[in-house]
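See below for the structure under consideration.
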């Protein structure tokens, strides 16, 4: 069996960015249901921070990274949707994309359309598929119709800027929150109907003003602890609180009885990986995302690029909320 060497980023124990080490690893041939891919660019996401810090526990040593783009070098037995030489991109378990070459399961790897470059492909898959399942598959009772108000926290982040554009294309009135005037301006430029700087304004008061006291049908929240309580109060009766991250820390336990008192509201905790369990679902969601990008409805904004060797600084900037849009590691 032939093997190739690859530079990769690994951690041996949970901790801060200083735990991220550049190492050489050996990469073999793909087995049944697997592919070997040589990366052109790698996406950076907040889930990487959760896995590095230990908020999400995984066995050690751990090669980080959940998305990338590149060229298929080899396919294992039973893989029919990809072949050597194909351009491809993915957001996928298990982690391991912070590298030059890897072997991985083929089911979540999709052919990358010729009209989408590798940097965009690496930046868009995890965040774009997240925006897709939120706006298209994580819906309040009765669904969402044009004109409906939704509240989206961290609207100037990678997922947020995609969601702002996609929500506008769907006719939704997205109210975006962000932590600075500059980030609010960015969300507005990308299609948010209203923006709230939660560093200087009370977002609950503003949401009630914007919606004429009625509240929103759904809150999409990746912030967690800091926004949770007021987000529940932003919901209209029978509204949906869709939690999909914990950037400010995990939400504290709460009594289900409060949901009745706040208008019989619904709460869900979503993760992308529940939605992309099968190849068919992954491909259908990716096709929807590719169409949105190729049509120009959604533009993928890459605001930060770091060489693979500078991954520690990339993580520091991400955690310090210094980033906007998408961030990629270059090879």
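Which option, (1) 1.03; (2) 0.98; (3) 0.94, is the value of Rg/Rh (Cα atoms, Kirkwood Rh) that was calculated from these coordinates?
Among (1) 1.03; (2) 0.98; (3) 0.94, the one calculated here is (2).
When you count, for each residue, the other Cβ atoms within 10 Å and take the mean per peptide, how do 119-127, 264-272, 221-229, 137-145 rank with the highest first?
Numbers: 119-127: 28.0, 264-272: 16.2, 221-229: 19.7, 137-145: 14.0.
Descending mean neighbour count gives 119-127, 221-229, 264-272, 137-145.
Taking 0.36 nm per residue of sequence separation and subtracting the Cα-Cα distance, how much length would be gained by fully extending the chain between residue 24 and residue 209, in nm to one decimal?
61.0 nm
Looking at the chain as a GNM with Cα springs under 10 Å, which of 158, 212, 33 has the largest mean-square fluctuation?
Highest fluctuation among the options: 212.
Kindly express, to the nearest 10 degrees and within the range 0 to 90, the angle between helix 118-137's C-alpha long axis and the longest C-alpha principal axis of the chain.
Long axis of 118-137 versus the principal axis of the chain: about 40 degrees.
At 0.36 nm per residue, minus the direct Cα-Cα distance, what do residue 169 and residue 280 gain on full extension? Give it in nm, one decimal, please. Let's see the in-between values first.
Working: separation 111, 0.36 × 111 = 39.96 nm, distance 2.48 nm.
Using 0.36 nm per residue and subtracting the Cα-Cα distance, I get 37.5 nm.
For the chain, modelled as a Gaussian network with Cα springs under 10 Å, which listed residue fluctuates most, 113, 256, 32?
Ranking 113, 256, 32 by mean-square fluctuation puts 256 first.
With angles folded into 0 to 90 degrees, how steeply does helix 279-294 sit against the dominant principal axis of the chain? Use alpha carbons for both and round to 10.
For helix 279-294, the angle is close to 70 degrees.
So how far, in whole Å, is the C-alpha centre of region 1-63 from the one of region 141-162?
Spelled out, the Cα-based centre of one part sits 32 Å from the other.
Suppose only helical runs count, i.e. DSSP H with n ≥ 4. What mean residue ellipticity at 222 nm does that imply for the chain under -39500 (n - 2.57) per run, divided by all residues and rounded to the nearest 500 deg cm²/dmol?
My calculation for the chain gives -8500 deg cm²/dmol from helical runs alone.
How large is log10 of I(q)/I(0) for region 139-269 at q = 0.12, 0.14, 0.20, 0.21 Å⁻¹ when the intensity is taken from the Debye formula with one equal scatterer per alpha-carbon?
-0.39, -0.54, -1.16, -1.28
Against the longest alpha carbon principal axis of the chain, how many degrees, from 0 to 90 and to the nearest 10, is the axis of helix 158-169 turned?
60
When the chain is treated as a GNM, springs tying every alpha-carbon pair under 10 Å, which of 276, 72, 210 comes out with the largest mean-square fluctuation?
Per the Cα network of the chain with a 10 Å cutoff, 210 tops the list.
Note down the relative contact order for region 289-331 as a percent, whole number, built from C-alpha pairs under 8 angstrom at least six residues apart. Write down the numbers at each step before the final one.
Values: 38 pairs, mean separation 20.7, N = 43.
Relative contact order here is 48 percent.
Since every read-out is calculated from the coordinates, none of them should be taken as a lab result. Quick caveat: nothing in here was measured; it's all calculated off a predicted structure. Note: ideal-geometry Cβ built from the backbone for every residue, glycine included; neighbour counts use all protein chains shown.
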